[in-house]
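Below: the structure, in structure tokens.
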Protein chains: 2
Amino acid sequence: MTERAEIRVTPETLHRFAAAVLARTGMPEADADLVAEVLVDTDLRGVRTHGCMLLPNYVQRLECGVVNAKAQPRIVQDAPAAVLLDGDNGMGHLVGVRAIDIAIERARSQGVCLVGVRNSNHYGPAGHYAARAARAGMFGLSASIGSNNAMAPWGGRERLLGNNPVALAAPSGATPMPVLDFANSVVARARIIRAARQGEPIPLGWALDPEGQPTTDSQAGLAGTVVPMAGYKGAGLAYMLGLLAGVMTGAAFGRSVRDQFTDFANPQNIGHVMLAVDIAHFRPLAGFTAEVDQVSEEMRRSAPAPGSDRVGLPGDRSHRQAMDARSLGIEMDGALLEDLRGLADRLGVPRLTA
Amino acid sequence: MTERAEIRVTPETLHRFAAAVLARTGMPEADADLVAEVLVDTDLRGVRTHGCMLLPNYVQRLECGVVNAKAQPRIVQDAPAAVLLDGDNGMGHLVGVRAIDIAIERARSQGVCLVGVRNSNHYGPAGHYAARAARAGMFGLSASIGSNNAMAPWGGRERLLGNNPVALAAPSGATPMPVLDFANSVVARARIIRAARQGEPIPLGWALDPEGQPTTDSQAGLAGTVVPMAGYKGAGLAYMLGLLAGVMTGAAFGRSVRDQFTDFANPQNIGHVMLAVDIAHFRPLAGFTAEVDQVSEEMRRSAPAPGSDRVGLPGDRSHRQAMDARSLGIEMDGALLEDLRGLADRLGVPRLTA
């Protein structure tokens with residue numbers, strides 16, 4: 001294996017690369033471009049686990065046809081403020097952007113709109129969609145069925161629940177946009193996978209072994225379940241969001257959820273929900289954003305706890321990371337570059353360079 | 001102080017008592033009746049901290065006029081699927097039921113409706129309102145500004161955030177209704193108050209002292225802040241829900257929040273949000289409830305973890321508690337009875353008896 005030094009690339013370079021790779025799988029150029037936009041925004045905001053790192057998996061799924069490269073999402077149920085979108089088994093990012101854009105457009109006239117989605121796939125970070133609504137002057141919420149089951153229901157030890165992420169975002173004025181994006185597990189299962197690969201132990205409290213006992217053995221944790229955040233609350237929230245994003249939409253939930261990383265034969269039928277709430281139907285947007293700025297700055301400027309260098313609000317850190325990445329470039333480490341180089345060479349796309 | 005043995009009362013007896021007490025403060029009988037219904041349902045479901053235990057505080061607030069006994073909530077902004085309700089500083093339960101009922105009615109035609117509320121007061125358990133939507137065949141969500149500030153923003157040590165509770169509920173068929181109701185703090189501040197009164201320590205992880213250091217001293221914890229659930233996630237969710245239920249509606253949030261238990265001079269201006277999603281606009285309700293039953297039973301019957309006697313889903317425990325309380329009566333302990341006897345005697349209402 002060749003050692004390759006870390007490089008930094010501009011968002012534009014990374015976008016061109018991702019779009020070119022995706023287009024080679026048969027995706028229409030406009031769709032490849034849109035998915036690339038979501039992936040690069042994700043890397044910019046520092047959510048590296050959901051950015052271009054996933055391109056090899058996405059491409060493999062598109063190439064074998066378990067994800068539809070030529071998907072045409074369509075509305076299948078249509079009430080004034082409630083829409084059901086069938087994703088036609090397309091890339092989740094494409095389907096997700098269509099869905100939140102429908103919610104935003106409807107909310108302008110109805111005040112609020114909820115779009116449910118079925119027959120979709122992994123859509124990356126929930127925060128991207130909530131933030132899209134916030135940039136349109138709306139309170140946004142997005143939740144999704146996770147891309148595999150990782151957790152047990154509370155008191156159990158069988159892997160029946162995804163970490164079912166959820167995000168909320170609101171518009172602000174001059175201060176960073178409030179965006180909260182979290183999964184209902186204590187940690188991402190990816191961190192346990194990484195520890196297992198490197199033969200390292202995991203902290204107590206991250207995982208249960210297959211018998212349901214707390215474990216520090218990363219292999220046992222991987223064979224078992226990830227612990228939900230906040231005990232019964234996290235397991236309960238993952239379940240409730242599953243009923244909404246999965247059962248209500250006609251998507252997978254519980255035993256019917258298939259794993260994005262191990263099952264290349266059966267479509268996932270991932271479900272999402274998108275909610276847009278048009279602030280202007282409650283109060284003038286400028287007054288809202290001014291008050292968000294004011295109350296948020298009061299909190300940011302409040303006394304820090306010992307050992308904390310600042311009081312942080314949701315979205316502050318990813319705002320700083322995006323600012324840095326825009327001026328310095330997006331860091332691409334050696335292992336990731338190696339993966340993407342292999343992909344580029346196989347697909348006949350120019351390699352990613354600084 | 002007289003020692004009084006615990007008694008059990010029927011829901012009907014407790015309802016009559018609560019309604020009579022509230023009516024003495026000047027509330028119209030129908031309104032007193034509705035608030036009593038919410039309080040008794042809360043006690044039935046085992047959420048004792050939010051049931052009739054709060055009657056003395058509610059009555060004190062109504063008597064001194066800091067809560068309006070003759071409130072007439074009115075719609076002040078009106079879009080097809082988005083409504084802003086001004087609570088006219090009435091009892092939160094009254095305002096809350098009006099709000100979720102508007103959301104349910106609108107969702108029938110629009111598919112979805114979100115009602116924002118300002119100028120309200122403590123509305124008891126968020127789960128009551130979400131469950132009301134679920135009983136109407138809808139997915140329900142309710143969130144509220146907490147009745148005092150208990151937590152610090154993440155990394156801080158100033159009390160600027162309420163525990164801002166949120167609840168979600170969905171209809172089921174033959175199995176218990178899924179209802180999740182939680183606050184964003186690790187524990188209710190009431191438990192720290194109780195420990196402080198009894199001179200007992202609290203477990204590490206519940207509270208920070210005023211300097212922001214973890215403490216086991218209940219007095220120091222009371223002077224400081226309650227720890228958010230799940231670290232930055234709980235603090236972040238309380239903040240985001242505050243922007244929605246507080247800032248968007250024109251209600252209090254941050255430094256403008258006043259304490260229900262210590263401030264009897266200034267109205268609280270509590271805000272809530274209610275969301276109703278009519279399942280039937282996505283898929284036939286009978287198919288949804290059948291699938292909720294099936295997937296929930298799969299989870300309930302899955303293998304339990306060691307030391308756990310059952311796999312529990314949100315709402316299961318309060319369902320069992322309500323069944324028990326309906327057949328055996330609602331347990332009223334000596335201290336609570338003593339409080340309610342004082343209230344009854346002062347207001348000239350017959351005492352509560354078994």
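A:G307 meets each of the listed conditions (1) assigned to a helix (DSSP H, G or I); (2) within 13 Å of chain B (Cβ to nearest Cβ); (3) surrounded by fewer than 22 Cβ atoms within 10 Å (Cβ to Cβ) apart from (1).
Restricting attention to the range A:107-124, the residues that are away from chain B (no Cβ under 11 Å) and either within 17 Å of A:G236 (Cβ to Cβ) or among the β-branched types (V, I, T) (or both) add up to 0.
Of all residues in the range A:229-258, those satisfying the criterion of being assigned to a loop (DSSP other than H, G, I, E, B), small (G, A, S) and within 7 Å of chain B (Cβ to nearest Cβ) are A:A230, A:G250. On the stretch given as the range A:188-219, residues that are of a type in the set (A, V, I, L, M), more than 10 Å from every other protein chain (Cβ to nearest Cβ) and crowded, with 20+ Cβ neighbours inside 10 Å total 4. Here the condition is being of a type in the set (S, T, Y) and either under 23 Å from A:G51 (Cα atoms) or buried (at least 24 other Cβ atoms within 10 Å of the Cβ) (or both); of A:S109, A:S120, it holds for A:S120 alone. With respect to the conditions (1) buried (at least 24 other Cβ atoms within 10 Å of the Cβ); (2) in contact with an Asp or Glu (Cβ under 7 Å, 6 or more places away or on another chain), B:T175 falls short on a single one, namely (1).
Here the condition is being among the aliphatic types (A, V, I, L, M), in a helix (DSSP H, G or I) and touching a helix residue (DSSP H, G or I) at 6+ places or on another chain (Cβ under 8 Å); of B:V295, B:V277, B:V273, it holds for B:V295 alone. Of all residues in the range A:261-294, those satisfying the criterion of being in contact with a Phe, Trp or Tyr (Cβ under 9 Å, 6 or more places away or on another chain) and either surrounded by 21 or more Cβ atoms within 10 Å (Cβ to Cβ) or acidic (D, E) (or both) are A:I270, A:G271, A:H272, A:M274, A:L275, A:A276, A:V277, A:D278, A:I279, A:F282, A:F288, A:E291.
For the range A:323-342, which positions are within 16 Å of A:L39 (Cα to Cα) and either crowded, with 19+ Cβ neighbours inside 10 Å or of a type in the set (S, T, N, Q) (or both)? If the condition is that a residue be within 16 Å of A:L39 (Cα to Cα) and either crowded, with 19+ Cβ neighbours inside 10 Å or of a type in the set (S, T, N, Q) (or both), then A:A325, A:I330, A:M332, A:L336, A:L337, A:L340 are the ones that fit. Checked against (1) farther than 24 Å from B:A190 by Cβ; (2) within 14 Å of chain A (Cβ to nearest Cβ); (3) not hydroxyl-bearing (S, T, Y), B:G127 passes all but condition (1). Exactly one residue among A:G250, A:G212, A:G231, A:G199 is over 30 Å from A:F288 (Cα atoms), within 21 Å of the chain's Cα centre (by Cα) and among the small types (G, A, S), and that residue is A:G250. Regarding B:V66, is this residue surrounded by fewer than 20 Cβ atoms within 10 Å (Cβ to Cβ), away from every other protein chain (no Cβ under 14 Å) and among the hydrophobic types (A, V, I, L, M, F, W, C)? It is true that B:V66 is surrounded by fewer than 20 Cβ atoms within 10 Å (Cβ to Cβ), away from every other protein chain (no Cβ under 14 Å) and among the hydrophobic types (A, V, I, L, M, F, W, C). Report yes if A:T249 is within 30 Å of B:G116 (Cβ to Cβ) and of a type outside the set (D, E, K, R), otherwise no. Criteria met by A:T249.
When restricted to residues that are under 30 Å from B:L55 (Cβ atoms) and free of Cβ contacts under 8 Å to residues at least 40 places away in the same chain, the range B:264-292 contains 0. Per the conditions (1) more than 27 Å from B:L204 (Cα to Cα); (2) surrounded by fewer than 18 Cβ atoms within 10 Å (Cβ to Cβ); (3) facing another protein chain (nearest Cβ under 10 Å), the sole criterion not satisfied by B:G315 is (2).
Just one of the listed residues (A:A79, A:A99) is touching a residue at least 12 places away in the same chain (Cβ under 8 Å), touching a strand residue (DSSP E or B) at 6+ places or on another chain (Cβ under 8 Å) and not polar (S, T, N, Q), and it is A:A99. In the set (1) under 17 Å from the mean Cα position of the chain (by Cα); (2) away from chain B (no Cβ under 13 Å); (3) at pLDDT 95 or above, A:R135 fails one condition alone, (1).
Considering only residues in the range B:23-43 that are over 21 Å from B:A126 (Cα atoms) and not acidic (D, E), the one that is surrounded by the fewest Cβ atoms within 10 Å (Cβ to Cβ) turns out to be B:A30.
The rows are residues; the columns are (1) touching a helix residue (DSSP H, G or I) at 6+ places or on another chain (Cβ under 9 Å); (2) touching a residue at least 40 places away in the same chain (Cβ under 8 Å); (3) over 27 Å from A:G315 (Cα atoms).
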residue	(1), (2), (3)
A:R16	yes, no, no
A:L22	yes, yes, yes
A:A36	yes, no, no
A:R61	no, yes, yes
A:A69	yes, yes, yes
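Within the range B:69-100, if we keep just the residues that are more than 14 Å from chain A (Cβ to nearest Cβ) and assigned to a helix (DSSP H, G or I), the residue that is surrounded by the most Cβ atoms within 10 Å (Cβ to Cβ) turns out to be B:G96.
The single condition among (1) in contact (Cβ under 8 Å) with a residue 12 or more places away in the chain; (2) out of contact with any Asp or Glu (no Cβ under 9 Å at 6 or more places or on another chain); (3) within 22 Å of B:E12 (Cβ to Cβ); (4) of a type outside the set (S, T, Y) that B:A322 does not meet is (2). Just checking, does the range B:144-164 include any residue being among the small types (G, A, S), away from chain A (no Cβ under 14 Å) and farther than 22 Å from B:G242 by Cβ? No - not one qualifying residue is present in the range B:144-164. Only one entry in A:E291, A:E297 is facing chain B (nearest Cβ under 9 Å) and of a type outside the set (K, R), namely A:E291.
The values are calculated or read from the model by the stated rules, or taken from the named source; none is laboratory data. If you're wondering where the values come from, they're calculated on a predicted model, not measured in any experiment. Every residue, glycine among them, receives a Cβ derived from its backbone with ideal geometry; neighbour counts consider all protein chains shown.
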